[in-house]
Amino acid sequence: MKRFLSPADIGDLHQALQEALAIKADRYANVELGRNKTLLMIFFNNSLRTRLSTQKAAMNLGMNVIVLDVNQGAWKLETERGVIMDGDKSEHLLEAIPVMGCYCDIIGVRSFAKFENKEDDYSEKILQQFIDYSGRPVFSMESATRHPLQAFADFITIEEHKRTERPKVVLTWAPHPKALPQAVPNSFAEWMIAAGYDLTIAQPEGYELDEKFTQGATITHNQDEALAGADFVYAKNWAAYSDPNYGKVLSKDMSWTVSKEKMALTNNAFFMHCLPVRRNMIVTDDVIEAPTSLVIPEAANREISATAVLKRMLESL
Ligand code: CP
């Protein structure tokens, strides 16, 4: 596997699931695979789970790990061609990327949507340059439009907890004070559809996601109707995708917060969120603390999804 951005890159999801479960049963079984191989993790944005779980995954496979926080200690990077570099940016990404590629075998990149230019975000301008110019296999640690390691971990978590073969999974928008990218809901929708689940997406008007990620899902503006009979409720905020409101916060409607009353509409559903989460904006304290909350198992499975992906990449070096 030379890149990991979407479920298409990993192939048969149930095969990938079996590999992930085998890793979970014995996460050090492949510790020789990564001997003298180096993972470079590049962060343009903050992280807790992705940073720790991916580093742990690399250690499970015996790899060496280098972590670069681009905004802390590295030269400030220019990303545009044709710019006269007489400002505060000392280095161009087009030199920095191949240089980084010299020091490692596999590269993970975190680079969020900036909401300055929709085309730049949705063409994955930064991540694509790593794919094109690093000379190394590249995986997303959350890019402008996708968060595949999270969605893979969510898929594993649902498979571990589902009570019916084809569960009803509801992805619901919930309020948040700031504009957040669509990467998590895009990937979650894409993976749930690829897994063959019954997916419903509930959001206020104006929050429709790119249809590329949601084809096959039931889409509604009525959260209560969506939650009826749900087996899993995945809450997430995202900013508007559709023009002319790309990247804007259109609503902070607290009636969309996932509460005990909302969960009572479901089929005793499990609650899910990728974290970090704003309590009592996205979800109430009692729901996230309930025994049906899967937020910690999801985070734990990030180590497993990352180990499975790195294992595939090491095998194809
Ligand atoms: N869910 C997730 O990716 O968490 P971090 O942003 O902390 O890495």
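Could you list, in sequence order, the residues of segment 24-67 that are in contact with a strand residue (DSSP E or B) (Cβ under 6 Å, 6 or more places away or on another chain), away from the ligand (no atom under 16 Å from the Cβ) and of a type in the set (A, V, I, L, M)? Correct list: Leu40, Met63, Ile66. From the list Leu209, Leu227, the one residue that fits, being closer than 23 Å to Ser187 by Cα, surrounded by 22 or more Cβ atoms within 10 Å (Cβ to Cβ) and more than 19 Å from the chain's Cα centre (by Cα), is Leu227. Residues that are without any contact (Cβ under 8 Å) to a residue 24 or more places away in the chain and part of a strand (DSSP E or B) within segment 46-89 comprise Leu77, Glu78, listed in sequence order.
Out of all the residues in segment 129-153, which are more than 10 Å from the ligand (Cβ to nearest atom), assigned to a helix (DSSP H, G or I) and out of contact with any Leu (no Cβ under 7 Å at 6 or more places or on another chain)?
As a first pass, look at segment 129-153 and keep what is more than 10 Å from the ligand (Cβ to nearest atom): 129-140, 143-146, 148, 151-152.
Next, from what is left, pick out any that are assigned to a helix (DSSP H, G or I): 129-133, 148, 151-152.
Hits for segment 129-153 are Phe130, Ile131, Asp132, Ala151, Phe152.
Within segment 74-119, the set of residues being under 27 Å from Ala240 (Cα atoms), away from the ligand (no atom under 16 Å from the Cβ) and in contact with an Asp or Glu (Cβ under 6 Å, 6 or more places away or on another chain) is empty. Filtering segment 232-277 to residues that are within 16 Å of the ligand (Cβ to nearest atom) and either hydroxyl-bearing (Ser, Thr, Tyr) or in contact with a His (Cβ under 6 Å, 6 or more places away or on another chain) (or both) leaves Tyr234, Ala235, Asn237.
Contact map, segment 250-278: residues that are among the small types (Gly, Ala, Ser) paired with residues that are within 16 Å of the ligand (Cβ to nearest atom), Cβ distance under 8 Å, separation 6+ or inter-chain. Pairs shown: Ser259/Val283. Looking at segment 90-101, is at least one residue touching a residue at least 40 places away in the same chain (Cβ under 8 Å) and within 15 Å of Glu142 (Cα to Cα)? No: zero hits. Limited to segment 191-201, what total is found for residues that are under 17 Å from Ala235 (Cα atoms), touching a Phe, Trp or Tyr at 6+ places or on another chain (Cβ under 7 Å) and surrounded by fewer than 24 Cβ atoms within 10 Å (Cβ to Cβ)? Residues meeting the conditions: 0. The single condition among (1) among the aliphatic types (A, V, I, L, M); (2) more than 21 Å from Ala308 (Cα to Cα); (3) more than 16 Å from the ligand (Cβ to nearest atom); (4) surrounded by 17 or more Cβ atoms within 10 Å (Cβ to Cβ) that Val70 does not satisfy is (3). The set of residues in segment 166-180 that are in contact with a Phe, Trp or Tyr (Cβ under 9 Å, 6 or more places away or on another chain) and not in a strand (DSSP E or B) comprises Arg166, Pro167, Ala174, Pro175, His176, Ala179, Leu180.
Name the residues in segment 14-31 that are within 19 Å of Met192 (Cβ to Cβ) and surrounded by 17 or more Cβ atoms within 10 Å (Cβ to Cβ), would you? It would help to see each step written out before you state the result.
Looking only at segment 14-31, we keep the residues that are within 19 Å of Met192 (Cβ to Cβ), and these are 14-18, 20-21.
Result: Ala16, Leu17, Ala20.
Among all residue pairs at least 6 apart or on different chains, which show Cβ distances below 8 Å where the first residue, located in segment 147-158, is outside the structural domain of Ser53 (by TED's automatic domain parsing) and the second is near the ligand (Cβ under 10 Å from one of its atoms) and among the aromatic types (Phe, Trp, Tyr)? Within 8 Å, no pair qualifies.
The values are calculated or read from the model by the stated rules, or taken from the named source; none is laboratory data. Here the structure is a predicted model, which is why all the values come from computation and not from measurement. Neighbour counts are summed over all protein chains in view; Cβ atoms, including those assigned to glycine, are modelled from backbone coordinates with ideal geometry.
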